[in-house]
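First up is the structure itself, then whatever we jot down about it.
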Amino acid sequence: METLIHTDALARFGHALADATRTRILLSLNRAPGYPSELAEQIGVTRQILSNHLTCLRGCGLVVAVPEGRRMRYELADPRIGRALDDLMGLVLAVDPNCTCAGAGGRGCGCR
């Protein structure tokens, strides 16, 4: 049972990081909590697009919304998420130049 819980958490984290906008949101929230309008401007997306991604990240359990008067402040749901992001950002990967994973346009992975 515990393995399934960990596997599900990793899958959700992977799903979040699979999208560049969600990744930028997580990295921004790792630096400091933020408000939707400020995050949208900082990331360069519309408020509607940002809202959709925040809904996804909340559903995955990666971010939480904290009410502040009439506004909502978003932050990472757990400090360990920030540490995981920091660790991932420190990775140096030896990438196969023939790999088509990145930017495959939904065609799937060509490096199996």
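Every read-out reported here was derived from the displayed coordinates using simple, explicitly stated rules and does not represent laboratory data. What you are looking at is a predicted structure, and each value in this text was computed from that prediction instead of being measured. Cβ sites come from the backbone with ideal geometry, for glycine too, and all protein chains shown count toward neighbours.
For region 37-53, give me each residue that is outside any helix (DSSP H, G or I) and either in contact with a helix residue (DSSP H, G or I) (Cβ under 8 Å, 6 or more places away or on another chain) or under 17 Å from Ala65 (Cα atoms) (or both).
Val45, Thr46 - these are the residues of region 37-53 that are outside any helix (DSSP H, G or I) and either in contact with a helix residue (DSSP H, G or I) (Cβ under 8 Å, 6 or more places away or on another chain) or under 17 Å from Ala65 (Cα atoms) (or both).
Being within 25 Å of Cys101 (Cβ to Cβ), surrounded by fewer than 16 Cβ atoms within 10 Å (Cβ to Cβ) and among the small types (Gly, Ala, Ser) narrows it down to one residue among Ala84, Ala18; which is it?
Ala18
Within region 21-37, take every residue that is under 8 Å from the mean Cα position of the chain (by Cα) and aliphatic (A, V, I, L, M) and give me the one that is farthest from Met72 (Cα to Cα).
Leu27
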